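Working notes, structure below.
The values are calculated or read from the model by the stated rules, or taken from the named source; none is laboratory data. Source: prediction; values computed, not measured. Reconstructed Cβ throughout: ideal geometry from the backbone, glycine too, with neighbour counts over all protein chains shown.
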């Protein structure tokens, strides 16, 4: 099976490029953005609208309600099934999004370690200091890399349940051959300052489109998420910050997220052979399609 992957940092025009590409080549789009999986999280995730999707079949959008559990293992299972279905119908699958762990897990056919809800609940009752101390003793490599509480708990859960570290599992997964033939394109700005300007502009646009109201609906429904764009507004609703402070934090965290995405791309084995398309001051769909046609990749 053959797939095309269109990825890159946030706010680099992935949706517009993927839609234009799919229109030109009769392809179907598979989402690779962890937050666009959820229903009700539209504006804050820059989910493609019905108008943007047009007549192109889109897969793995709005899969589960906001707040529901959806893991990378769930993603690999559903995305693999979507690729198989699209390929069997003689179509090309285009994987588009910026959740790079999902993309790598899918292409490398990652095997996920068993978990246990009771063990997870016990770990969640521990303090951050206790968690980090246990992780340092059991998996020093993960201790050096992980700062997010959720990831630390997952690493400890894997070790307690399986007797092996998540580092061991990741090392083995890195040796897996690709599950399908992948042509990967990374979109980015030639200058980092232009990327940051695009991110700030996108956040302002989200606010104009109703991000605050969308976040308020989720908050009122009892949904709690750490997703950028929502968590900061939840803090504003609770009086922990002003509105302007919340928006400034969203912009800063979005820029930091873009930095992490770029770091992943520099270090990822699956991205080493990717084609890099760099914008000057703004994304250019015609530039992308022109380069693709010239390179005869399709």
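Would you check which residues across the range 125-160 are touching a helix residue (DSSP H, G or I) at 6+ places or on another chain (Cβ under 7 Å) and over 21 Å from residue 73 (Cα atoms) and list them? Result: 128, 131, 132, 134, 135, 136, 138, 139, 141, 143. Considering the range 32-132, the qualifying helices (runs of 4 or more DSSP H), each wholly inside and each with 1 or more residues that are outside the structural domain of residue 266 (by TED's automatic domain parsing) and free of Cβ contacts under 8 Å to residues at least 60 places away in the same chain, run over 117-124.
Looking across the range 174-226, just one residue is modelled with pLDDT of 95 or more, under 20 Å from the mean Cα position of the chain (by Cα) and in a loop (DSSP other than H, G, I, E, B), and that is 223.
Got at least one residue in the range 239-249 being over 15 Å from residue 14 (Cα atoms), touching a helix residue (DSSP H, G or I) at 6+ places or on another chain (Cβ under 8 Å), outside any helix (DSSP H, G or I) and in the same structural domain as residue 9 (by TED's automatic domain parsing)? Yes; the residues of the range 239-249 include at least one that is over 15 Å from residue 14 (Cα atoms), touching a helix residue (DSSP H, G or I) at 6+ places or on another chain (Cβ under 8 Å), outside any helix (DSSP H, G or I) and in the same structural domain as residue 9 (by TED's automatic domain parsing).
In the range 235-250, the residues that are in contact (Cβ under 8 Å) with a residue 24 or more places away in the chain reach residues that are assigned to a helix (DSSP H, G or I) with C-beta atoms within less than 7 angstrom, at least six apart or across chains, in these pairs: 243/236; 247/203; 247/207; 250/203; 250/232. Quick check on residue 208: is it exposed (fewer than 13 other Cβ atoms within 10 Å of the Cβ) and under 17 Å from residue 257 (Cα atoms)? Judged against the criteria, residue 208 is not a match.
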